[in-house]
1. Restricting things to alpha carbons, find the Rg to Rh ratio for the range C:90-156 using the Kirkwood radius for Rh.
2. Given the pairs B:LYS105/C:LYS54; B:LYS172/C:LYS14; C:LYS73/C:LYS118; B:LYS105/B:LYS162, which are separated by over 32 angstrom at their Cα positions?
3. Using a 1.4 angstrom probe on heavy atoms only, work out the carbon and sulfur share of the accessible area of chain B in %.
4. Give me the Debye-computed log₁₀ of I(q)/I(0) at q = 0.15, 0.16 Å⁻¹ for the range A:1-160, equal point scatterers on Cα only, no solvent, two decimals.
5. In square angstrom and rounded to 100, what buried accessible area do you get between chains A and B, total over both, with the probe at 1.4 Å?
6. For the range B:183-252 and the range A:122-156, compute the distance between their C-alpha centroids and round to whole Å.
7. Hey, can you find the accessible area per residue of the range B:69-265 for me, probe 1.4 Å, expressed in square angstrom?
8. For the pair A:ILE149 and A:ASN48, what calculated FRET efficiency results from E = 1/(1 + (r/R0)^6), where r is the Cβ-Cβ distance and R0 = 60 Å, to the nearest 0.05?
Amino acid sequence: MRVKIARTIANFIWHPRWIAFSIILAAWQIVAVKRNSRVIPQPARVWNEFWDLLSNFTFVDDLWASMIRIVLGFGVAFLVGTSVGILMGSRRTWNEFLHDLVVFGLALPGLVYALIAVMLFGQALWAPVLAIVLTSYPFIAVNVREGIIALDKNLLDMAKTYRIKKRKQLLKIIIPSLLPFIFSGIRLGFSMSWKVNTLVEVFGSTNGVGWQIRASFDTYSVHGMLAWTLIFGGTMLLIEYRILTPAERYFSRWRPKIDGII
Amino acid sequence: MIIPNSKPNKKNLIRSFLQGFFFNRRWITFVVLILCWHFFVLAVDIDLLPTPGRVLESLREIMRSGIFFGQLGDSMVRIGLGFSLALTLGIITGVLMGSRDFWNKFFQDLIVLGLSLPGLVYALLSVMIFGIGLTAPVAAITAASLPFIAVNVREGVRSIDKDLLDMCRVYKIDRVRLIRQIVLPTLIPFIMAASRIGFTVAWKVAVLTEVFGASTGIGYQMRYQFQIFSVRGIVAWALLFGLVMLVIEYGALIPMERYFNRWRPTIEKVV
Amino acid sequence: MTSKTKAQIVVQIKNLVKIFSDEKEREHCVLPGISLNVFEGTFLTIVGPSGSGKTTLLNIIAGLEEKTSGTVKIGGGADGSQLAYVFQSARLLPWLTVEENLRFVKPENTTEESFKEKIHHYLSLVELNDVTRHYPHQLSGGMQQRVGIARALCIEPAVLLMDEPFSHLDEITAEQMRVELLRIWEDTKQTIIFITHDMQEAVTLGDRLIMFNFRGEIAEDLAVDLHRPRKFSDRSFIEFYAQSVERFQNIRKKE
Ligand SMILES: Nc1ncnc2c1ncn2[C@@H]1O[C@H](COP(=O)(O)OP(=O)(O)OP(=O)(O)O)[C@@H](O)[C@H]1O
Ligand SMILES: [Mg+2]
């Protein structure tokens, strides 16, 4: 047991990632010192900025403002995406009708949605919601559709021969087999959501993380931007990797392997 | 499904493509969508929202003024440079990561970080650091799309069939033949997939960089339209650019992928 | 068997030991030290319980696996002796056609011309002349396995190793393949080491039958003195078969 713990610690310490990090930090430090320009801050400066933001809790207001937008927008996107996905998965005509629209939606960059949403709604809450819905519903829809198409018809037939009630079929067969797909849609859609929300805030908002990033950009403060990126990105990655990915893995545990490396 | 040993007749291919293109339910969908858009705009009556007709007008203006190809060219040069750089570095990183555990661990965290940083951050940072010029977009594009390429190539290296490698050892196949006949055929589909994802990322970041720090290019035009509050202008530029990307996708990337995948039983439908 | 000239030893194994050790450094002895000589032209079949080390033995002979100790000599002892291996699955390159798959294993000292002739010779031997330009996915499982066999034969190896080559196939195809393999063997008088789970297959094919026990030792080494072609309806065949099955069961009981 003790040997095991010791080995785990040793593995952690002797991990090549530290070499990578040190090389990058060293290079950054050297460049910052050599160039000595205002725009390339030393790593320590960024760290101080980050620590200031964190310890004074100044970040809470903006993070909160952004979170509300993201959650609201993503909620709507989820509803829209699931409905569209179910329609596409179960009705051929709808699938053909919506397919191109969804592909188009997947292809257009979030920037376009963000700009249009800001022009239409200005600073209103509608702007981020619209932009988020438009960018992330296709991801959810495509995944839900795949899930419905992949439903095992043999299982449903089996259920029929055993006269399983519709409700039980839904709860025990359909939903469990859809969940992995839904969750991979949620994970992808969520990561689109917070990115496009940041964009909307950059172009039309007076609070939120995006606005802070914009302010850093306008004042040429690389360290400010990095600090905000660290805080916000950290939070979002925490949600993605500590909540959404485990959830997805949990609901897909019966599948041989999670496919796709998008 | 493609049957490789029935030689594809070029004429037939073109004909079937044209048939599929013109006699297609898609066009019905398309018309319905345009009509929906038109009547929706008339119904809500917001000044800013353009009808399809007005967008078309903008399109015509852009094409008539003749600036489109110049602006597109500027963007494409940036994308081309950044993307080629990302592809080269990404393949090297991916091969290293796929074949040596040390390099995998070395790069892994950086790659995860790179995958999840939004394009906006790359764009803004490189504009601040490199200012206006060619370096900023190229750096942003390279940094943003490299991780996607590396991850895909790594998967490719890992999926090289160990059984086939064993078989080669038994039959004493030399290294050159091994690489040409086993390693490359396995890797190429992954590199193609990597290129497609990487290319999408590349042009999105390129446009973003142009929004914040360029005086030419598609992104700059969009920003200009944003400043003069012209939704139809943005939509028109987005449409044009999207069209070019579609042409590249269908005209170059997909045929290439199909060529390299010709030995496969079925070609996966491109979503 | 024809033994006018004294038969040469093609595979010579002495005190071969193979120990696997896992990540936790626990040792697992698979082959505890076996010795075995295989004479030229012999059709040797090996049966044994699952996990007894049959595949490991072939892999060591083929050089795919390092041995822990002991010696393995192939051919006259020269290291360059060609080996061929027919695996449980065909292991064809899916992106090459049948013919290209065979051309792929061309030994360096052979000319294109002569090798091409061999390819065609052996492809016709396995009756695949019509599909030389097909890709593997266009062939049935049995045809793919036949390509694998043709590939093995066309380098004219000193020894042909076969690891349950027909176990993926349905019984009818497998039976056809056995008949064909015997026909080819009678043509070429190739030395073959053939692993199987199936006692009937082992008795039908082999001149010599070796049984492994759970510990990876050679428990039985029998000469199969039955005239060919062997039929399951022959009395002598049935007797030998029943005897072998009984011996095999005894081996298992002793564990
Ligand atoms: N690379 C390896 N590492 C560790 N143990 C191994 C390895 N390869 C095989 N073994 C072990 O060696 C033993 C023999 O394996 P082998 O594949 O030779 O069996 P086999 O007789 O061919 O069985 P089967 O008839 O099922 O094919 C098994 O217990 C297996 O777990
Ligand atoms: Mg085996």
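1. Numbers: Rg = 10.7 Å, Rh = 11.5 Å.
Using Cα coordinates only, the ratio equals 0.93.
2. Numbers: B:LYS105/C:LYS54 37 Å; B:LYS172/C:LYS14 24 Å; C:LYS73/C:LYS118 27 Å; B:LYS105/B:LYS162 22 Å.
With Cα atoms farther than 32 Å apart: B:LYS105/C:LYS54.
3. Details: 9480 of 14240 Å².
In chain B, the share of accessible area belonging to carbon and sulfur is 67 percent.
4. -0.95, -0.97
5. Details: alone 16820 and 17560 Å², together 30090 Å².
It comes to approximately 4300 Å² buried between A and B.
6. That distance is 23 Å.
7. On the way: 8050 Å² over 197 residues.
So the range B:69-265 comes to 41 Å² accessible per residue, rounded to a whole number.
8. Values: r = 53 Å, r/R0 = 0.88.
Once the sixth-power term is evaluated, E becomes 0.70.
The values are calculated or read from the model by the stated rules, or taken from the named source; none is laboratory data. What you see is a predicted model; the values in this text were computed from it and never measured. For neighbour counting, all protein chains shown are included, and Cβ atoms are generated from backbone atoms with ideal geometry for every residue, glycine included. Areas reflect the complete protein model, heavy atoms only, side chains present, ligands, DNA and RNA absent. Shrake-Rupley method; radii C 1.70, N 1.55, O 1.52, S 1.80 Å.
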